[in-house]
1. For the list (1) surrounded by 21 or more Cβ atoms within 10 Å (Cβ to Cβ); (2) touching a helix residue (DSSP H, G or I) at 6+ places or on another chain (Cβ under 7 Å); (3) closer than 21 Å to B:CYS185 by Cβ; (4) within 12 Å of another protein chain (Cβ to nearest Cβ), I need the number of the one condition that B:ASN47 fails.
2. List the pairs whose first member sits in segment A:3-20 and is modelled with pLDDT of 95 or more, whose second member is part of a helix (DSSP H, G or I) and among the basic types (Lys, Arg), and whose Cβ atoms are under 8 Å apart, counting only residues at least 6 apart or on separate chains?
3. Restrict the check to segment B:74-81 and report whether at least one residue is within 16 Å of ligand 2 (Cβ to nearest atom), modelled with pLDDT of 95 or more and within 17 Å of B:ALA150 (Cβ to Cβ).
4. Please specify each residue of segment B:22-31 satisfying the condition of being within 15 Å of ligand 1 (Cβ to nearest atom) and in contact with a Ser or Thr (Cβ under 8 Å, 6 or more places away or on another chain).
5. May I ask you to verify whether B:VAL228 is more than 14 Å from chain A (Cβ to nearest Cβ), farther than 27 Å from B:GLY41 by Cα and more than 16 Å from ligand 1 (Cβ to nearest atom)?
6. If I filter segment B:139-151 for residues that are among the β-branched types (Val, Ile, Thr) and modelled with pLDDT under 95, do I get at least one hit?
7. Does segment B:3-13 contain any residue that is surrounded by fewer than 22 Cβ atoms within 10 Å (Cβ to Cβ), within 16 Å of ligand 2 (Cβ to nearest atom) and within 14 Å of another protein chain (Cβ to nearest Cβ)?
Amino acid sequence: MNVIQIAFKEMLLSFRNRRTLFFMLAFPLVLMLVLGTALANAFSTTAAMDTVRVLVQDQSSGAAQQGFAGFRAEMEKSGFAFTDFKPGMDGAAEVEKNNYDDYAVVTNSGIKLYGSDRNAVASNMTQGMLSAYADRYNAAAAIGAADPAKAATAFQPAPSGGYVKELSLDLDRMPGSMDYYAVALTVMIALWGAMSAANLVNSEIRQGTAARLVAAPVRKGEIFAGKVLGNLAVNMLCVLVVITFSKVVYHAYWGDNLPLVLLVLLSVVVLSTSLGLALSYLLKSSASGGLISLAVQLASFFGGAYFPLGVVEKNSLLGIAASLSPIRWANMALNNMIYLGDSTQVIQTIGLNAGLAALLLAASAYMMSKREGL
Amino acid sequence: MNVLEIQGLTKKFGNFVAVDNMTLNVKEGEIFGFLGSNGAGKSTTINMISSLLQPSAGEIRILGKDSRKHSRHAKTNLGIVPQDLAIYDDMTAYENVAFFAGLYGLRGKLLKERTEEALEFVGLGDRAKSRPSTFSGGMKRRLNIACAIAHKPSLIIMDEPTVGIDPQSRNYILESVKKLNESGCTVIYTSHYMEEVEEICSRVAIVDHGKIIADGTKEQLKAIITDVKDLSIELKPGSAYSLQSIGKIPGVRAVNEKEGRLSIQSDAAVDNLNRILKSLMDGGAEVKALQEEEPNLETVFLTLTGRSLRDQ
Ligand SMILES: Nc1ncnc2c1ncn2[C@@H]1O[C@H](COP(=O)(O)OP(=O)(O)O)[C@@H](O)[C@H]1O
Ligand SMILES: [Mg+2]
């Protein structure tokens, strides 16, 4: 009961705070409109593209080769154009020059992919398809290496239509700019919950109300739970409003599995609240607020909230920065699910977010119990 | 019956001892004054009672039960008015009081009644729907009190509830404290204003450097200083005098000047009135009136610590 009461108070205060309403609702919706409209052209060329061009260097043999050939044949039916690598070509440079959207090196031990970051969305699609295939291919290669007898079956498509069918791409449904930004900016505000979370305890100390909370016959755990719950609810409500608005007013496409989309966003919201809370305990001072805003802004930027980053080299500085952004994880996972029907990454993202959140919450709860006062 | 018992209470911040082995009892029905200059350790003591701070040593018992072993019992029976305002600026006066009262288990109709009653009690009944950001300093202080009384605690602890407010609000608050007490509530009233404590408290503890240096009824405390006489001398305007030379007269302990009036503390045993007057008149001053003052808590404090409550 106390938990609910405290959660309700957090919600009341958040919704009375103009900053919350501005940053969590007005800002993403306006930005969505501006970016979605301004960059519509950049996206439509991609969406209109009827083929995704892939340069393939196939060095595999035996069962692996047959497996890939099967995949390739299926993909060619869904609008992918595969070109064989000719000796003397520089695959990466070809992608760089925009002669191809992707470059894949297939060997018996695995598939290596190079994507361009020019046609970010197209590259995302190919990357998604190919990398999903590559994961299975690499697993099969590993089985083959361990037990050559099983290699042949390992590379065969699964009986239920096979991996290729599962991944079938509907090229009519490539994301437009509004679709892209609806997802990206919603994920962004989900992460921005970290900023209000960082303030959950500090604001009580600043207003002196921590003294009253601690003096009241309420356990610290209840205060903690109430605050976390309140912040989650506010953040999730903002996410719901933004999704609904983007769907109804901007006609953004959210795919046909909305419950799973919401689950991914909920996992980001849970992660961001835990992150903000843990950092505010670690850093203690009021400087934690500024530091968290900075981190969250960087994560938004590198996560592709403002412009799509597409496929970036894993080892480049940008690649490392991008791979650290929870926004990018969720963004990629959501796009893969909405446009490719591939929910493997979604499940991974939910698991990762939930796991990290549990760790961070446990750490904050521990720090809270050790601290005098709140 | 003791509402509060403190035994050997100590709080250290690093090497600094803010509260030093304090022992103290507060009886049911009292308004107990906790008097001391800034930094004496009053708030630190109160924060340990309200469990905001962990004592470094010692025991606190509320209505006979250890406050840490029976923290729920202790907390339910306490009302705290913190020295720094503790209210939410973005919630109305009503919402503030109701939120905190709710944490004490009040619900529904009872919650509504008690909240309205508390607001009425501090004179904010007609401002229930306003936010504190529209309040004057005195009104915020009164709301700060309302938040601590809606759950009808047996013991209410007020930490300098009148700091920095207008005299009108201050009188209102002092009257409220008396009314609360008449309704059966025991009150601990912390202040560094001697006049307030003198006006409303039945018993007083004087705190200095984390220690209680004297406690008892006002009369008992004043009895400590029967050996001191307080003289008040009013001079004709423009009179010249030297505080220094008066201070050198044997038996004079302290001398202060305020608006043409000299207050002099001197040993009761020494008959030095003649010498004081002679010194003044030799200096060319004209005496308009002379009075022997009743001893007050200020004198007690001065005698015990050698410092005025005000000079910090
Ligand atoms: N958290 C703290 N850390 C270090 N010193 C403190 C802390 N809180 C109070 N003090 C010190 O303890 C002493 C007593 O402070 P306090 O109890 O606030 O005095 P009072 O309320 O009587 O004015 C002061 O010297 C103050 O500086
Ligand atoms: Mg104080």
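1. Going through the list (1) surrounded by 21 or more Cβ atoms within 10 Å (Cβ to Cβ); (2) touching a helix residue (DSSP H, G or I) at 6+ places or on another chain (Cβ under 7 Å); (3) closer than 21 Å to B:CYS185 by Cβ; (4) within 12 Å of another protein chain (Cβ to nearest Cβ), B:ASN47 breaks only (2).
2. A:ILE6/A:LYS227; A:ALA7/A:LYS227; A:GLU10/A:LYS227
3. We begin by selecting, within segment B:74-81, every residue within 16 Å of ligand 2 (Cβ to nearest atom); these are B:80-81.
Okay, now just the ones that are also modelled with pLDDT of 95 or more, so B:80-81.
Pick out the ones that are also within 17 Å of B:ALA150 (Cβ to Cβ) and you get B:80-81.
Yes, because at least one residue in segment B:74-81 is within 16 Å of ligand 2 (Cβ to nearest atom), modelled with pLDDT of 95 or more and within 17 Å of B:ALA150 (Cβ to Cβ).
4. Quick first cut of segment B:22-31, residues within 15 Å of ligand 1 (Cβ to nearest atom) only: B:22, B:24.
Answer for segment B:22-31, where residues must be within 15 Å of ligand 1 (Cβ to nearest atom) and in contact with a Ser or Thr (Cβ under 8 Å, 6 or more places away or on another chain): just B:MET22.
5. Considered against the rule, which asks whether it is more than 14 Å from chain A (Cβ to nearest Cβ), farther than 27 Å from B:GLY41 by Cα and more than 16 Å from ligand 1 (Cβ to nearest atom), B:VAL228 comes out as yes.
6. Of the residues in segment B:139-151, the ones among the β-branched types (Val, Ile, Thr) are B:145, B:149.
So of that shortlist, the ones also modelled with pLDDT under 95 come out as none.
Checked segment B:139-151: no residue is among the β-branched types (Val, Ile, Thr) and modelled with pLDDT under 95.
7. Step one: list which residues in segment B:3-13 are surrounded by fewer than 22 Cβ atoms within 10 Å (Cβ to Cβ), which gives B:5, B:7-8, B:10, B:12-13.
This time we only want the ones that are within 16 Å of ligand 2 (Cβ to nearest atom), so: B:13.
Those still in the list that are within 14 Å of another protein chain (Cβ to nearest Cβ) too: B:13.
Yes, that holds for at least one residue.
Okay, residues lined up against (1) within 15 Å of ligand 1 (Cβ to nearest atom); (2) surrounded by 17 or more Cβ atoms within 10 Å (Cβ to Cβ); (3) of a type in the set (Ser, Thr, Tyr):
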{"residue": "B:SER37", "(1), (2), (3)": "yes, yes, yes"}
{"residue": "B:ALA40", "(1), (2), (3)": "yes, yes, no"}
{"residue": "B:LEU53", "(1), (2), (3)": "yes, yes, no"}
{"residue": "B:ARG61", "(1), (2), (3)": "no, yes, no"}
{"residue": "B:SER67", "(1), (2), (3)": "no, yes, yes"}
{"residue": "B:LYS75", "(1), (2), (3)": "no, yes, no"}
{"residue": "B:ASN96", "(1), (2), (3)": "no, yes, no"}
{"residue": "B:GLY123", "(1), (2), (3)": "no, yes, no"}
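The values are calculated or read from the model by the stated rules, or taken from the named source; none is laboratory data. Note that the structure is predicted; figures quoted are calculated from it, not measured. Methodologically, a virtual Cβ is constructed for each residue, glycine included, from the backbone with ideal geometry; neighbour enumeration extends over all protein chains shown.
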